[in-house]
Amino acid sequence: MQERENILRIFKETREATSRGDAAKIKNLSDQTTNIVSLTHDPDNIAAAVIIYSLSKIIEREDYKSLPGWNKFYGVYIEGIDKSIDALKRNDDELYDKSINRIHKAIDKLSGKLRDYIQDVFRKAEINKASRIYEHGISMEKTANLLGITLFELASYAGEKEGSDIPESITISVKQRVKFAMEIF
């Protein structure tokens with residue numbers, strides 16, 4: 001695993017933010033993992049990005065908490081984060097993988113609306129993270145392969161976004177370009 005100490009910090013801060021119900025902080029931490037993934041292409045960091053982003057979305061939705069199976073699922077989710085932190089501290093990649101997989105298996109054990117909602121959150125999280133990685137300049141095909149989504153899903157999502165918050169992707173208007181060109185000559 002690359003950037004182990006940084007991912008450990010992010011998981012610790014995620015756990016603290018979770019105890020406060022701070023979905024915005026968790027989303028911000030997820031964005032930090034996306035920046036790492038853009039540089040490393042490390043699958044362990046990708047898993048962290050998706051898990052953390054999904055958690056931010058799950059915490060935002062109060063209506064999940066009333067559905068059958070919520071308490072057990074949430075307990076497994078938090079336990080998975082705690083075990084991931086422990087695994088990272090011990091430099092135990094196998095335990096880290098098991099912790100992340102346990103969260104995914106908990107989703108499979110859900111039923112009814114909660115299962116559908118949580119599966120949808122995770123799928124959208126994968127697409128969102130792929131879009132963010134793509135914005136960092138990684139090819140669409142490579143990004144889709146890293147996250148296990150289709151090119152169509154990524155292209156559709158990236159095409160729907162009106163603009164980006166990455167400064168390098170913000171352009172100036174045609175009028176401003178002409179004015180700039182006139183000043184040069």
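Here Rg and Dmax of the Cα atoms in Å was calculated from the structure, and among (1) 17.9, 59; (2) 18.7, 69; (3) 21.7, 70 it sits at label (2). Positive-end ranking of 54, 38, 19 along the dipole of segment 3-118, with charges on Cβ about the Cα centre, is headed by 19. Between 18, 34, 143, find the one with the highest GNM mean-square fluctuation for the chain; connect C-alpha pairs within less than 10 Å. Result: 18 has the largest fluctuation of those listed. Among 13, 94, 135, which one shows the biggest mean-square fluctuation in a GNM of the chain, springs joining Cα atoms closer than 10 Å? Evaluated over the chain, the most mobile residue of the options is 94. Averaged over its residues, the chain has an accessible area of 57 Å² per residue, based on protein heavy atoms and a 1.4 Å probe.
At 222 nm, what value in deg cm²/dmol follows for the chain if DSSP H runs of at least 4 each add -39500 (n - 2.57) and the sum is divided by all its residues, to the nearest 500? Please list the in-between numbers first.
Numbers: 9 runs with 144 residues, N = 185.
Using -39500 (n - 2.57) per qualifying helix, the result is -26000 deg cm²/dmol.
In straight-distance terms, cross-link reach from residue 57 covers every one of the aspartates and glutamates whose alpha-carbon lies under 17 Å from its own, apart from those fewer than eight places away in the same chain; here that gives 13, 16, 22, 31, 116, 120, 126. Of the solvent-accessible surface of the chain, computed with a 1.4 Å probe over protein heavy atoms with every protein chain present, carbon and sulfur atoms account for 52 percent.
Using the structure shown, select from 65/109; 25/142; 89/142 the pairs with a Cα to Cα distance greater than 24 angstrom. Intermediate values should be presented prior to the final figure.
Numbers: 65/109 16 Å; 25/142 28 Å; 89/142 30 Å.
Result: 25/142; 89/142 exceed 24 Å.
Taking 132, 102, 61 as the candidate residues, the one with maximal mean-square fluctuation in a Gaussian network model of the chain, Cα springs under 10 Å, is 61.
The values are calculated or read from the model by the stated rules, or taken from the named source; none is laboratory data. Worth saying up front: this structure is predicted, and the values here are computed from it rather than measured. Note that each Cβ is placed from the backbone with ideal geometry, even for glycine, and that neighbours are counted across all protein chains shown. Just the protein is used for accessible areas: all its heavy atoms, side chains included, with ligands, DNA and RNA removed. Shrake-Rupley method; radii C 1.70, N 1.55, O 1.52, S 1.80 Å.
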